[in-house]
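Peer 1: To start, I am sharing the structure in question, which I have written as structure tokens.
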Amino acid sequence: MTGRADTEPVVVRVDRDRCIGSGMCARSAPDSLALGADGLAAPLAEYADGGAELTEELTEAVDFCPVEALTLHSARGGYRIDPAD
């Protein structure tokens, strides 16, 4: 991952048009992501709203997504952290 500050809170965004519900993200980062009732990925509250600490598991979940439906953004600045543009 590039361009991140280790102490910066992050927000996870899920492209629901791309998500196929493989569940790899929820298995990789169960404290950050879950599959919703519709079978698609959904960030847990703190990752969807105000931001939370970036963890190695969350970074792996973004990297493991087979359809690149997950992105990490700065909770403070809104810019994209991972994957890099």
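The values are calculated or read from the model by the stated rules, or taken from the named source; none is laboratory data. Small disclaimer: the values here were computed from a predicted structure and weren't measured. Using ideal geometry, Cβ is built from the backbone for each residue, glycine included, and neighbour counts are taken over all protein chains shown. Ligands, DNA and RNA are excluded from the accessible area calculation, which covers all protein heavy atoms including side chains. Shrake-Rupley method; radii C 1.70, N 1.55, O 1.52, S 1.80 Å.
Peer 1: Using θ = phi - 60° and the Karplus relation 6.51 cos²θ - 1.76 cosθ + 1.60, list the HN-Hα couplings for segment 25-33 in order, rounded to whole Hz, with x at every Gly or Pro.
Peer 2: These are the phi-based 3J(HN,Hα) values: 5, 5, 6, 6, 9, x, 7, 10, 9 Hz.
Peer 1: Another question, if that's okay. May I ask for the equivalent-ellipsoid semi-axes of the chain, computed as the square root of five times each C-alpha gyration tensor eigenvalue and listed largest first in whole Å? Don't skip to the end; give the middle numbers.
Peer 2: Working: eigenvalues 72, 33, 26 Å².
Equivalent ellipsoid of the chain: 19, 13, 11 Å, largest first.
Peer 1: I've got another one for you. Please list the non-local residues whose amide H lies under 5 Å from the amide H of Gly21, H modeled 1.01 Å from N, same-chain partners needing a gap of 5 or more.
Peer 2: Ala41
Peer 1: Taking amide H atoms as placed 1.01 Å from N in the peptide plane, list the residues 5 or more away in sequence, or in a different chain, whose amide H sits under 5 Å from that of Gly51.
Peer 2: Distant-sequence amide H within range of Gly51: zero hits.
Peer 1: Give the distance, in whole Å, between the Cα centre of segment 53-82 and the Cα centre of segment 12-32.
Peer 2: So the separation of the two Cα centres works out to 10 Å.
Peer 1: Relative contact order for the chain: what is it in percent, counting Cα pairs under 8 Å that are at least 6 residues apart?
Peer 2: 42
Peer 1: Considering only protein heavy atoms and a 1.4 Å probe, what is the carbon-and-sulfur percentage of the accessible area of the chain?
Peer 2: C and S atoms contribute 47 percent here.
Peer 1: Considering only DSSP states other than H, G, I, E and B, which trypsin sites (Lys or Arg not before Pro) in segment 6-85 qualify as loop sites with at most 16 other Cβ atoms within 10 Å?
Peer 2: Arg16, Arg18, Arg76
Peer 1: From the backbone phi of segment 62-76, what are the Karplus-calculated ³J(HN,Hα) couplings (6.51 cos²θ - 1.76 cosθ + 1.60, θ = phi - 60°) in whole Hz, Gly and Pro given as x?
Peer 2: Values, residue by residue: 5, 5, 7, 4, x, 10, 6, 8, 10, 9, 10, 10, 5, 6, 8 Hz.
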